[in-house]
Amino acid sequence: MLSRLQKFFEERVSPDDKGQGAETSDAQRLRVATCALLLEAAHADDDFSEDERATIAKLVGERFSLDATEAKELLAIAEAEREAASDTYGFTRLINETFNGARKLAVLELLWRVVYSDGLLEAHEDALMHRCGRMLGVRHDELMALKLKVKNGMD
């Protein structure tokens, strides 16, 4: 029997992509890893709200060109993967090994947007962001520039 994750990935491989199954699968794993990190950021303050869920669905929908149903499915799969994982290492490792610097910064910007979606920065969220920044090999000044960009954009 196919897992939800495998089924989700296989349903999104178009006939033109059949020869690129490994590449498509890698891209889908990156989507799940990114979404799982966004969920981790939303759960960091132990108050995962519907506003945060909507923000994540919107962000992944825009980032990965998914319609509302696909974004919701990705969110559900990423939530299950996040709950099954013992920590964020596997998700950040996949992103770190695959994405270039600019794309890592883009992921961190999305994370900051989720963190600030409720208008507050909790200590646990800030600690998570610093840990993700270190694990992705992003300099502290770049992480702080993204933080300010997102925070100032929400004012």
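The calculated FRET efficiency for SER25 paired with SER65, based on their beta-carbon distance and R0 = 22 Å, is about 0.80.
Exposure proxy ranking for MET129, MET144, based on other Cβ atoms within 10 angstrom of each Cβ and starting from the fewest, stands as MET144, MET129.
Counting neighbouring Cβ atoms within 10 Å and putting the fewest first, the residues SER25, SER65 line up as SER65, SER25. The mean sequence separation of alpha-carbon pairs under 8 Å and at least six residues apart, normalised by the residue count of segment 15-155, gives a relative contact order of 29 percent. If r is the Cβ-Cβ distance from ALA54 to GLU122 and R0 is 22 Å, what FRET efficiency results, to the nearest 0.05? The formula returns an efficiency of 0.70 here.
Taken together, the values in this text are just the output of simple stated rules run on the coordinates, not laboratory data. Not measured: the values here are computed from a predicted model. Don't worry about glycine lacking a Cβ; one is built from the backbone with ideal geometry, like all the others, and counts go over all protein chains shown.
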